[in-house]
Amino acid sequence: MSKAADRLLKYVSFDTQSKDEMEQVPSTEKQLVLAKELVRELEEMGASNVRLSENGYVYATIEATTEKKVPSLGFVAHMDTSPALSGKDVKARIVENYSGGDIVLNEEKNIVMRVKDFPFLVDCEGKDLIVTDGTTLLGGDDKAGVAEIMTMAAWLLEHPEVPHGTIQIGFTPDEEVGRGADFFDVEGFKADVAYTVDGGPLGELEYENFNAASGRVYVHGVGIHPGGAKNMMKSAVLIGMEFQNLLPVFENPMYTEGYEGFFHLDQFAGDVENAKMDYLIRDHDMQKFEQKKALFAAAADYLNKKYGEGTVEVKIKDSYYNMKEKIEPYKYLIDIAKEAMEENGITPEISAIRGGTDGARLSYMGLPCPNLCTGGYNFHGRYEFIPVQSMDKVVDLLLTIVNKFEALGE
């Protein structure tokens, strides 16, 4: 069995789901259980300066084995899993030598991963696929990244004869709720540059991402018996629906791709008297991003003029920004990763992330940090899976990048 896959199967047994709207970091104490296990493993394999911060960040160093002056290189992944679906009691299994066709994840519950829904399954024929029973997510986002970095670290520490510069390792909590970089110790990390290992299918290489904000809408209605409600009732639910209808119909995730931004109504709950709506606001272009936020606020202003001041309250909070401008002065990071992929038989797919990573915020904090693939598919859902062979390829990719950085030294 692949060492990286072995590690992933172990790590997904830890429930590390993060939780929105929590004051503390990490947002859930259970993330610390995996963090402590990673600390133990790093110490056992011989890494130096291994430490766990009070906010649940794991750091470690692999000391240089070359006399050359080489940039200190960091690798970062996150330990938490998405709040979108449970990560507790993950029942992972391996579909060996996948021969094509639909995959029955759970016969009892009739949960089937169908090729018609996921046509890229044909690209995975002949590989060993790690899947779940369909009742939880797998957690490869981003425990696959954690496993691949740990496997790389173990190999380097087992082979001190291989020359390389200083390698810094960082594992973060709460990335999935947008707080993964809140307490990251960039100065103490002591890396000149870094990569997050938090992407999708083999070959993904990303240094652009969305500008992102969260939008929350509170609607305050007036509840009256429907029998005598004329000219008095204000239905918060209906006004909320009206708010949604004021936003551009086709600026919606289900109609967008590539560099196209969107408004995403993620949650809507309420009744006649009160309703709450949670939105994701996204765009790669900063000007369009600001326009989207202005339109969002304008929709509330319009409804307040129509139904009375204070009917609709809007709160907008920026989450992260496009890291492109911070990476462009360090484009050699992309060139090195691209060359390393090609040397390992991986076709580079340079694209803009329709989402974000810790690397976006870390880049703005002074640590240039593009994103590498993990090899996984269908993150944040019950159909998540990852080929074992892709994980091994990513480990080889990381080792090749380390080697190429050593070659930069003088």
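The values are calculated or read from the model by the stated rules, or taken from the named source; none is laboratory data. Fair warning: this is a prediction, and the values are worked out from it, not measured in the lab. No Cβ is skipped: glycine too gets one built from the backbone with ideal geometry, and neighbour counts run over all protein chains shown.
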How many residues are of a type in the set (Lys, Arg) and under 25 Å from MET152 (Cβ atoms) when one looks only at region 187-241? 1
If you take the residues in region 185-222 that are surrounded by fewer than 23 Cβ atoms within 10 Å (Cβ to Cβ) and aromatic (Phe, Trp, Tyr), which one is farthest from GLY376 (Cα to Cα)? TYR218
Filter result for the condition that a residue is in a helix (DSSP H, G or I), over 19 Å from LYS324 (Cα atoms) and not aliphatic (A, V, I, L, M), over GLN244, GLN267: GLN244
Identify all residues within region 249-289 that are among the small types (Gly, Ala, Ser), buried (at least 17 other Cβ atoms within 10 Å of the Cβ) and more than 19 Å from the chain's Cα centre (by Cα); write none if there are none. GLY270, ALA275
Requiring at least 3 residues that are among the charged types (D, E, K, R) and under 25 Å from SER72 (Cα atoms), the helices (runs of 4 or more DSSP H) wholly within region 329-410 are 332-343, 388-408
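Condition check: modelled with pLDDT under 95 and not assigned by TED's automatic domain parsing to the domain that holds ARG354. Does ASP266 satisfy that?
yes
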State whether the residues of region 86-101 include one that is touching a residue at least 60 places away in the same chain (Cβ under 8 Å), touching a Ser or Thr at 6+ places or on another chain (Cβ under 8 Å) and under 17 Å from GLU148 (Cα atoms). no
Restricting attention to region 121-171, which residues are assigned to a loop (DSSP other than H, G, I, E, B), over 18 Å from LEU397 (Cα atoms) and touching a Phe, Trp or Tyr at 6+ places or on another chain (Cβ under 9 Å)? GLU125, GLY126, LYS127, ASP128, THR132, GLY134, LEU137, LEU138, GLY139
Residues of region 191-243 satisfying the condition of being touching a strand residue (DSSP E or B) at 6+ places or on another chain (Cβ under 6 Å), farther than 24 Å from ASP20 by Cβ and basic (Lys, Arg): LYS234
Considering only residues of region 5-29 that are surrounded by fewer than 18 Cβ atoms within 10 Å (Cβ to Cβ) and in a loop (DSSP other than H, G, I, E, B), which is modelled with the lowest pLDDT? GLU21
Determine, yes or no, whether PHE385 is farther than 18 Å from VAL131 by Cα and aromatic (Phe, Trp, Tyr). no
Tell me, which residue of region 317-360 that is more than 30 Å from GLU21 (Cα to Cα) and of a type in the set (Lys, Arg) is surrounded by the most Cβ atoms within 10 Å (Cβ to Cβ)? LYS338
Mind checking which residues of region 297-328 are assigned to a strand (DSSP E or B) and either under 30 Å from GLU406 (Cβ atoms) or over 24 Å from the mean Cα position of the chain (by Cα) (or both)? VAL312, GLU313, VAL314
